[in-house]
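Encoded as structure tokens, the structure appears first; notes follow it.
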Amino acid sequence: MEALRDGFGRRLDYLRLSITDRCNLRCVYCLPLSGASFASPEDALSPAEIERLVRLAQRLGVTKVRVTGGEPLVRRDVLEVVSRLGRLGLRDFSLSTNGVLLAPLAAKLKDAGLHRVNVSLDTLDPARFLRVARFGELPAVLEGLRAALAAGLSPVKVNVVVGRGLNDDEIPAFVDLARRRPLHVRFIELMPIGETGFFTPERWLPMPAIRAACGPLEPCVAPVGSGPARYLRPAGGARGTLGFIGAMSCSFCADCNRMRLTSTGRLVPCLGSEKGTDLRKPLRAGPDDAVLEALWRRTAADKPERHELATSSPRERFMCSLGG
Ligand code: SAM
């Protein structure tokens, strides 16, 4: 089968798979305290339906899958989803989590075939954690990181969304974390997605400023699965690395290789795009994959050359349905 390409000749071999839009946290920049209009459970794809779509994606050349959400670990059958996909022989199979529920699950996820995890963590201060995430507790996330390292879900990456006045004073503390522990800390620019009202130009801290706050850095080898991030490490040596993801400065659209599938089966070609295709209806209509393949290819062809988050945000859309 011919490998999937978009209209600009980019190979789309990476699928971000949201398995639920629900989350146990309400991070101030991501979800309103009251939540969003979450999908009803019967609209979410079942583990078997997810497997069927990922098998199809594999035939279209997808070799890299990231399970995300919402918070994927709140889904009760997450281990079934992971073990179904873990048997498919993907080149890179990872999961993004806020880490709150990770500690008791890390070894089971590894046994189910997961290769590695990314843990989102914006602060190392327990009181601030409550102000930013509004639920959950920092010690549970730190325990989750320890469990992930112990289970061999490596490389373990830590995603830090940086905002001015949110947590920019903690950049040195995260640099120190990468120095002391074998963790790959990735700083991410705040993006204007969703309607939380949190994003303002004043709160947006551009990547060069984030990088400058890290102090002296030196080149290093990038960890496995390094997509758009640029990697360096604290000068003088470190057990981990530092990655820089300039999501808004759009330094990586030219090399973008990803598509997104929501938990209700909507295939979305770009994080910043309003476009998308419902695959759930044809998926549930019958066992023939030819229709799904044609829809998948057509959605790929609709992928824009670059996102336009800086000038127009898909305001109706929360990150929880797209998986970050
Ligand atoms: N619950 C999982 C997690 O915490 O990683 C997966 C879903 S979460 C939506 C994925 C990533 O999106 C997280 O790292 C989160 O910090 C990031 N994110 C959410 N809203 C964002 C925004 N407005 N700007 C930048 N990153 C955002």
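Looking at the stretch 184-228, which of the residues that are touching a residue at least 24 places away in the same chain (Cβ under 8 Å) and acidic (Asp, Glu) is nearest to the ligand (Cβ to nearest atom)? In this case the residue turns out to be 189. Step by step: first the residues of the stretch 89-119, then only those that are touching a residue at least 60 places away in the same chain (Cβ under 8 Å) and of a type in the set (Ser, Thr, Tyr), then the one that is farthest from the ligand (Cβ to nearest atom). Which residue is that? Here the answer is 94.
Scan 54, 117 and give me the residue that is in contact with a strand residue (DSSP E or B) (Cβ under 7 Å, 6 or more places away or on another chain) and farther than 30 Å from residue 290 by Cβ.
Unique residue meeting the criteria: 117.
Residues are listed down the side, and each one gets a yes or a no for (1) of a type outside the set (Asp, Glu); (2) under 20 Å from residue 79 (Cα atoms); (3) surrounded by 20 or more Cβ atoms within 10 Å (Cβ to Cβ); (4) at pLDDT below 95:
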| site | (1), (2), (3), (4) |
| --- | --- |
| 102 | yes, yes, yes, no |
| 116 | yes, yes, yes, no |
| 123 | yes, no, yes, no |
| 145 | yes, yes, yes, no |
| 166 | yes, no, yes, no |
| 170 | no, no, no, no |
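Would you point out the residue of the stretch 195-248, among those that are β-branched (Val, Ile, Thr) and in a loop (DSSP other than H, G, I, E, B), that is nearest to residue 32 (Cα to Cα)?
The extreme case among them is 196.
Highlighted here are the helices (runs of 4 or more DSSP H) found entirely within the stretch 12-117 that include at least 3 residues which are more than 23 Å from residue 282 (Cα to Cα): 78-86, 106-111. There is no residue in the stretch 31-40 that is on the phi < 0 side of the Ramachandran plot, more than 10 Å from the ligand (Cβ to nearest atom) and crowded, with 24+ Cβ neighbours inside 10 Å. On the given criteria, is residue 108 of a type in the set (D, E, K, R) and surrounded by 17 or more Cβ atoms within 10 Å (Cβ to Cβ)? Judged against the criteria, residue 108 is not a match. Kindly indicate whether any position in the stretch 274-282 is in contact (Cβ under 8 Å) with a residue 40 or more places away in the chain, under 15 Å from the mean Cα position of the chain (by Cα) and within 30 Å of residue 32 (Cβ to Cβ). No: zero hits.
Residues in the stretch 1-30 that are within 16 Å of the ligand (Cβ to nearest atom), among the aromatic types (Phe, Trp, Tyr) and either modelled with pLDDT under 95 or closer than 30 Å to residue 137 by Cα (or both): 1 in all. Within the stretch 63-79, residues that are over 18 Å from residue 153 (Cβ atoms) and at pLDDT 95 or above sit with their Cβ atoms under 9 Å from residues that are away from the ligand (no atom under 11 Å from the Cβ) and in a strand (DSSP E or B), at 6+ positions apart or across chains, in these pairs: 63/14; 63/92. For the residues 271, 279, the requirement of being touching a Gly at 6+ places or on another chain (Cβ under 9 Å), under 22 Å from residue 72 (Cα atoms) and within 16 Å of the ligand (Cβ to nearest atom) singles out 271. Among the residues making up the stretch 136-170, those that are assigned to a helix (DSSP H, G or I), out of contact with any strand residue (DSSP E or B) (no Cβ under 7 Å at 6 or more places or on another chain) and under 14 Å from residue 210 (Cα atoms) are 169, 170.
The values are calculated or read from the model by the stated rules, or taken from the named source; none is laboratory data. Owing to the predicted nature of the structure, the values given are computational and were not obtained by experimental measurement. A quick note on method: Cβ atoms are made from the backbone with ideal geometry, for glycine too, and the neighbour counts reach across all protein chains shown.
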